[in-house]
Amino acid sequence: MPSSDPTQSSGFAGLRSTSWPVLGILSFGEELSGYDLKKWASYSVRFFYWSPSFSQVYSEMKKLEDAGYVTSRTVVDDEARVKPKRLYKITDAGMAVMRSWAREAPIDPPVLKHGVMLRMWLGHLTEPEQLKDALKEHISYVEGMSRQAALD
């Protein structure tokens, strides 16, 4: 049964909300390590979803592999590397579930946690200058994110 908490998942295909960006990155056809998956998420998904942590990426990859949506293999790409690198690749079943999700999954309402807006709403508890400073800081942050998105 789908969760009523939109931050969790639509429950589509039994996958959680953290599965979709990770599996989606692999849907571009590259064979990637967990580190590379995290980098891709940081350069793209973070602008509109969120960038999963390394622990979330590796945890998700294990679950997706157990479900048959990805495969993995280990490679030693460098003599100096102490530990072999595990590379992940989406399977045909993984591509099918991603296509199905992209076409058919219910649209979950977005969850917005906007600290600046919460401060504005609680403006009666502070001074107008503090609110202006918070807005200026937020505008600076948004402008920086905009520049970064254009570069990425």
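Contact annotation: residue pairs with Cβ atoms under 7 Å, 6 or more positions apart or on different chains, pairing a residue in region 80-109 that is under 26 Å from Phe54 (Cβ atoms) with a partner that is surrounded by fewer than 16 Cβ atoms within 10 Å (Cβ to Cβ) and modelled with pLDDT under 90, are Pro84/Val76; Lys85/Asp77; Asp108/Pro6. Can you find, within region 114-131, the residue that is nearest to Trp50 (Cα to Cα) among those that are of a type in the set (A, V, I, L, M) and in contact (Cβ under 8 Å) with a residue 12 or more places away in the chain? Of everything passing the filter in region 114-131, Val116 is nearest to Trp50 (Cα to Cα).
Could you tell me whether region 57-78 includes any residue that is among the basic types (Lys, Arg), assigned to a loop (DSSP other than H, G, I, E, B) and either within 20 Å of the chain's Cα centre (by Cα) or surrounded by fewer than 17 Cβ atoms within 10 Å (Cβ to Cβ) (or both)? Within region 57-78, none of the residues are among the basic types (Lys, Arg), assigned to a loop (DSSP other than H, G, I, E, B) and either within 20 Å of the chain's Cα centre (by Cα) or surrounded by fewer than 17 Cβ atoms within 10 Å (Cβ to Cβ) (or both).
Give me the pairs, please: first residue somewhere in region 36-52 and open to solvent by 80 Å² or more (accessible area, probe 1.4 Å), second residue anywhere and modelled with pLDDT of 85 or more and β-branched (Val, Ile, Thr), beta-carbon distance under 8 Å, and either six or more positions apart or on two chains. Short answer, once both residue conditions are applied: Trp40/Ile25. Evaluated against (1) at pLDDT below 85; (2) within 30 Å of Tyr141 (Cβ to Cβ), Phe12 falls short on exactly one condition, (2). In this structure, does Trp101 turn out to be more than 27 Å from Gly24 (Cα to Cα) and either of a type in the set (A, V, I, L, M, F, W, C) or open to solvent by less than 100 Å² (accessible area, probe 1.4 Å) (or both)? For Trp101, the condition - more than 27 Å from Gly24 (Cα to Cα) and either of a type in the set (A, V, I, L, M, F, W, C) or open to solvent by less than 100 Å² (accessible area, probe 1.4 Å) (or both) - is not met.
The values are calculated or read from the model by the stated rules, or taken from the named source; none is laboratory data. No experiment lies behind these values; they were computed from the predicted model shown. Note that each Cβ is placed from the backbone with ideal geometry, even for glycine, and that neighbours are counted across all protein chains shown. We work out accessible area using only protein heavy atoms, side chains counted, and drop any ligands, DNA or RNA first. Shrake-Rupley method; radii C 1.70, N 1.55, O 1.52, S 1.80 Å.
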